[in-house]
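The numbers here are math on the coordinates, done by the rules we state, and not lab data. All of these numbers come straight from a predicted model, not from anything done at the bench. With ideal geometry, Cβ positions are generated from the backbone for all residues, glycine too; neighbour counts draw on all protein chains shown.
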Amino acid sequence: MNDADHAIIFDIQGYSVHDGPGGRTLIFFKGCPLSCRWCCNPEGIRPQIELMHRKAKCVRCRNCAAHCPEGAISYDQKTGFPIFNRKQCNACAAHSCRHGCYHQALAVAGKKYTLAEVLRKIERDRPYWGGEGGVTLGGGEVMAQYKFAAQVLKACHDMCIHTAIETSGCAAWEHYEAILPYVDWIFADLKHMDSLKHKEFTGVGNERIKSNLARLGANQAHYRMILRIPVIPGFNDTKENMEASAEFMLKNNIREINLLPFHRLGASKYDQLGLQYRYADVKAMEAADLETLQNIFLQKGLSCYLGSETPF
Ligand code: SF4
Ligand code: SF4
């Protein structure tokens, strides 16, 4: 979906202090060209509105199947839990099965919003941000719905609201050009310097991403840019990759980086979406290992922040 009048958004969070200066409203756009194996927002990957089943709340009453017009629900013979045929299910706009569930075991990820609806949410939150706050658009990938995002960002600028985006860097450069006049701050990911490795773990190579980051780095008179590396054990947490990332930054006038340690906070959502989570047994990073990687950037004269320690 890339419509200037509507967007599919899977969450609007009223108050955050980690994604830009001050208190902020975060808007999560649904759909992403990457499918990172460790993604902590898997409900943001697919573009369509989709059903989530919370087994912990399900009493296996079988009521939902009776409300499904598509015949998309069957039951596991052994456990009694419902099984959702996602292909059939994706065609359903009403998600009628939810009305048959009296135990809040069914929810949907994603909702269609108009610009006016999003702006109402922003106005609702504005009194709570404090002097320096604003709006941050993320996802999923905000650029996958850049036409609508441009409208939100422009409207914010017209209202003197500070704007930020979080992006994977994976979009056509012309789409970035459409939103940049209205952006004050950019968080951009760099997941791995090696394109083959990048493709193996995220589903896409990194050529376009590196090209966009270089262009964003060259353009910084109009916004502040912070690179972000989600540090994933067994993928990109090597000295060689961090050194190559630091060299890339120096070459492209990018002076700040945020290392985000791996966590498993999104794990339960995989099961709810009928997806496999491959990082269930991977441990969180030790602080000392993260600091070793941080030093690689610091020694090259770059500003490197760990986790939520980014100075805004
Ligand atoms: S979302 Fe629609 S198609 Fe899918 S299981 Fe529920 S009622 Fe059936
Ligand atoms: S109606 Fe709700 S509680 Fe009953 S089987 Fe379906 S999802 Fe589970």
Would you mind telling me which residue in H162, H198, H99 has the biggest mean-square fluctuation in a Gaussian network model of the chain, where springs connect alpha carbons within a distance under 10 angstrom?
-> H99
The chain: relative contact order as a whole-number percent, Cα under 8 Å and 6+ apart | 20
What residues have an amide H closer than 5 Å to that of I232, excluding those fewer than 5 places away on the same chain, when H is modeled at 1.01 Å from N in the peptide plane?
-> D237
Of N236, N219, N206, which has the largest mean-square fluctuation in a 10 Å C-alpha GNM of the chain?
-> N219
Note on the chain: C-alpha Rg/Rh, Kirkwood Rh, two decimals, gives 0.99
State the Cα centre-to-centre distance between the stretch 30-60 and the stretch 155-174 in whole Å.
-> 24
What is the extension gain from E177 to K87, computed as 0.36 nm multiplied by their sequence separation minus the C-alpha to C-alpha distance, in nm to one decimal?
-> 28.8 nm
How much length is gained if the chain between S16 and N295 is pulled fully straight, taking 0.36 nm per residue apart and subtracting their Cα-Cα distance, in nm to one decimal?
-> 97.6 nm
When we measure straight from the Cα of K191, which lysines land under 16 angstrom away, once same-chain ones fewer than 8 places off are left out?
-> K199, K210, K239
Would you please put 305-311, 67-73 in order of how densely packed they are, using the mean number of other Cβ atoms within 10 angstrom per residue and starting with the highest?
-> 67-73, 305-311
